[in-house]
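Trainee: Please see the structure below; I have some questions.
Just so it is clear, none of the values below were taken in a lab; they were calculated from the coordinates. Source: prediction; values computed, not measured. With ideal geometry, Cβ positions are generated from the backbone for all residues, glycine too; neighbour counts draw on all protein chains shown.
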C-alpha cells in the first residue's frame with residue numbers, strides 16, 4: 001500500500017522533506033486548533049476559573065503522555081534505520097519488542113497517574129478554588145491514556161517508513177469529532193470540565209482504533225508473524241536503549257515545563273489563565289518547526305541506515321535554511337498579532353489577563369528561531385545513534401529555563417516576567433552546545449558511522 005508514502009532516500013531533498021513534513025505540520029496544527037477550540041469554549045462558556053483549571057492541567061497531561069510518546073519516538077528512529085537498510089525481518093522483531101516495552105510502561109503510568117492524582121495536584125500549588133475542577137478533568141483524561149499511546153505508536157511506525165499521510169487522516173477524524181463533542185457536552189448538555197475531558201477521551205478511542213485497524217489491513221509488511229513475536233535480546237536491548245533515552249528527553253523536557261507551571265500557579269488565577277491561553281497560541285505558532293524537526297529526523301535516520309552521508313550533509317543545510325526563514329516569519333506575526341490573539345480567548349473586560357498574555361508572547365515569541373534550531377538538533381542526534389546528546393541538550397535547555405525562572409521570579413522588581421525571559425535563554429544555550437558538538441566532535445566522524 002503506497003498511499004501517502006514518501007521516498008526519503010532518493011530524489012529531491014527539499015521536496016522530499018517538505019512533502020513528508022507537511023502532513024505532520026497539518027496534523028499538529030489541527031490538534032492545536034482543537035486545543036484552541038477547547039480553550040475557547042471553556043473560557044467563554046465556563047469562565048476564568050475553568051480556563052485556569054484546564055490550562056494548568058495541560059502541563060501535567062503533556063508530562064505524563066510525553067513518556068510513552070518519547071518511547072514511540074525512540075522506537076521510530078530504530079524502525080527508520082532498519083527500513084533504510086532494508087532489514088524488514090529485524091524491523092518486525094523490533095516492532096514486537098516495542099509493543100511489549102511501551103505497553104508495559106503505559107499501563108504502569110496509567111495506574112500511577114490515577115492513584116496519585118490528588119497529591120500531584122497539591123504539589124503543583126493549584127489554588128483551592130479550582131482544585132476540584134482540575135481533579136475531575138484529569139481523572140477522566142488519564143482513564144483514556146492507553147488509546148493515546150496506541151495512536152502514537154502506529155503513527156510513529158508509519159512515519160518511520162515514510163508515510164505521514166495516513167496518521168493525519170485519522171487525526172482529522174479525531175479532532176473533528178472532539179470539537180463536535182465539546183460543543184455537545186459543554187454547551188448543550190452543560191457537563192462542565194468533565195464534558196471537555198470526556199469528549200477528548202471518546203475521540204481518542206475512535207481515532208486510535210481506526211488507525212490500528214487500517215495499518216493492520218493495508219500495510220502487510222508491518223504485520224507481525226508468529227516468528228516475529230519473540231523477545232530477542234539484541235532487538236530488545238537496542239529498542240530499550242533508544243526508547244529509554246528519548247523517553248528521558250521528553251520527560252525531562254515536560255517535567256521542566258511542569259515545574260514552571262507550578263511556579264506560574266503561585267502567582268494566582270489571572271497569571272494562570274493568561275499562561276493557559278498564551279501557551280496554546282505559543283504551541284500553535286512553533287509546532288510546525290517541531291514537526292519539521294521530526295520529519296528531518298526520519299530523513300536523517302533513513303539515509304543514515306542506507307549509508308548516504310553526503311545526502312545527510314546536504315539535508316542539514318537545507319533544513320537550517322527552511323527553519324530560519326519560517327521561524328522569523330512566525331515570530332513577526334505573533335509579535336504583531338498577540339493582543340488580538342489573546343482577546344480571542346479571553347473576554348475583553350479581562351484586561352489584566354490579556355496584558356499578561358501579550359507580554360509572554362512578545363518576549364518568548366520573538367525567539368522562535370532558537371527552538372527551531374533546537375528541534376533540528378534533537379532530531380539529528382536521535383537519528384544518528386546519539387540519542388544521549390538529545391538528552392543533554394534537553395537538560396541544558398530546561399535546566400536553564402527552570403533555574404532562571406525560579407531565580408528571576410523571586411526578584412520583586414521582575415516577578416513572573418522572569419519566567420517568560422528564561423525560555424529563550426535556555427534555547428540559546430542548548431543551541432550553542434549542540435552546534436559546538438557537531439562541529440568539533442561529530443562532523444568528521446560521520447563518515448564512519450553506520451546504523
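Trainee: Does anyone have the angle between helix 309-345 and the longest principal axis of the chain? Alpha-carbon axes, 0 to 90°, nearest 10?
Mentor: 10 degrees
Trainee: Grab the Cα-Cα distance for residue 325 and residue 100, subtract it from 0.36 nm times how many residues apart they are, and report the gain in nm with one decimal.
Mentor: Result for the pair: 76.9 nm of gain on full extension.
Trainee: Okay, next question. Subtract the Cα-Cα distance of residue 332 and residue 190 from 0.36 nm times their separation in residues, and report this length gain in nm to one decimal.
Mentor: Going from the current span to full extension adds 47.2 nm.
Trainee: Hey, another quick one. Could you sort the peptides 135-142, 85-92 by per-residue average Cβ neighbour count (10 Å cutoff), highest mean leading? Don't skip to the end; give the middle numbers.
Mentor: Working: 135-142: 20.5, 85-92: 15.9.
Final packing ranking: 135-142, 85-92.
Trainee: Once both axes come from the Cα atoms, what is the angle between helix 128-143 and the longest principal axis of the chain, in degrees from 0 to 90, rounded to 10?
Mentor: Its long axis makes an angle of about 30 degrees.
Trainee: Kindly state, to the nearest 0.05, the FRET efficiency for residue 241 paired with residue 442, given R0 = 22 Å and r defined as their beta-carbon distance.
Mentor: E(calc), rounded to 0.05, equals 0.75.
Trainee: Given a Förster distance of 35 angstrom, what is the FRET efficiency for residue 366 paired with residue 122, based on the Cβ-Cβ distance and rounded to 0.05?
Mentor: Calculated transfer efficiency: 0.50.
Trainee: Of 342, 73, how do they rank once you tally other Cβ atoms within 10 Å and put the fewest first?
Mentor: The fewest-first ordering by Cβ neighbours comes to 342, 73.
Trainee: Before rounding to the nearest 500, sum -39500 (n - 2.57) across all DSSP H runs of length at least 4 in the chain and divide by the residue total; then give [θ] at 222 nm in deg cm²/dmol.
Mentor: Helices in the chain give a 222 nm mean residue ellipticity of -28000 deg cm²/dmol.
Trainee: Follow-up. Along the Cα→Cβ direction, 7 angstrom out, place labels at residue 406 and residue 183. What is the inter-label distance in nm?
Mentor: It is 4.5 nm.
Trainee: Here's another thing I want to ask about it. Which of 75, 229 has the fewest other C-beta atoms within 10 Å, and how do the rest follow up to the most?
Mentor: 229, 75
Trainee: Could you please rank 134, 67, placing first whichever residue has the fewest other Cβ atoms within 10 Å of its Cβ?
Mentor: Numbers: 134 24, 67 21.
The order, fewest Cβ neighbours first, is 67, 134.
Trainee: What's the extension gain from residue 227 to residue 213 if we count 0.36 nm per residue and subtract their Cα-Cα distance?
Mentor: Numbers: separation 14, 0.36 × 14 = 5.04 nm, distance 2.11 nm.
Value of the extension gain: 2.9 nm.
Trainee: If you take Rg and Dmax of the Cα atoms in Å from the coordinates, which of (1) 21.3, 66; (2) 30.6, 101; (3) 32.4, 99 do you get?
Mentor: Computed from these coordinates, Rg and Dmax of the Cα atoms in Å corresponds to label (1).
Trainee: Compute the helix-to-body angle for 48-84: its Cα long axis versus the longest principal axis of the chain, expressed 0 to 90° and rounded to tens.
Mentor: Around 0 degrees separate the two axes.
Trainee: What ranking, highest mean first, results for peptides 122-132, 16-26 when packing means the other Cβ atoms within 10 Å averaged over each residue?
Mentor: The densest-packed peptide leads the list: 16-26, 122-132.
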